[in-house]
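These notes are about the structure you will find just below.
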Amino acid sequence: MSEVEMVDKGRMARLSSLLRRRGIVLPSYEIYGGVSGLVDYGPLGASIKRRVIDAWISHWSCVPNVVEIDSPTITPEAVLVASG
């Protein structure tokens, strides 16, 4: 592992720890052992997420020929297989 990768790993660990301590993001289902890669947003995290989404939509809704769609979170396995 290179020195840059080690520094990046350390930064990510410190950032992750800070986000958890402040309740911005919390491991999902933590009382049941947690699920890797899934997080719940605390009150501040939910507010930050909402503001980022609103800013993103506001920016792109001004662009001609760009429309907003909302797709399901769950994807059929056939779609994943077809996409490689």
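Each principal axis of the Cα cloud of the chain was taken in turn, and the coordinate range along them, longest first, works out to 43, 35, 33 Å. The long axis of helix 43-61 is offset from the longest Cα principal axis of the chain by roughly 30 degrees. In this rough spin-label picture, where each label sits 7 Å from Cα along the Cβ direction, the Cys62-Met6 distance is 4.6 nm. Helix 3-21 and the longest principal axis of the C-alpha atoms of the chain enclose an angle of approximately 80°.
Charge dipole of the range 3-82 (Cα centre as origin; +1 on each Lys and Arg Cβ, -1 on each Asp and Glu Cβ, all else neutral): 480 debye, rounded to the nearest 20. Ordering 57-69, 32-44 by mean Cβ neighbour count within 10 Å, with the highest value first, yields 32-44, 57-69. Candidates Thr73, Trp56, Ile24 compared by Cα position along the dipole of the range 3-82: farthest toward the positive end lies Ile24, with charges placed on Cβ.
Each value in this text was obtained by applying a stated rule to the coordinates, not by laboratory testing. Everything numeric here is computed off the predicted structure, so don't read it as measured data. Please note: Cβ atoms are built from the backbone with ideal geometry, for glycine as well, and neighbour counts cover all protein chains shown.
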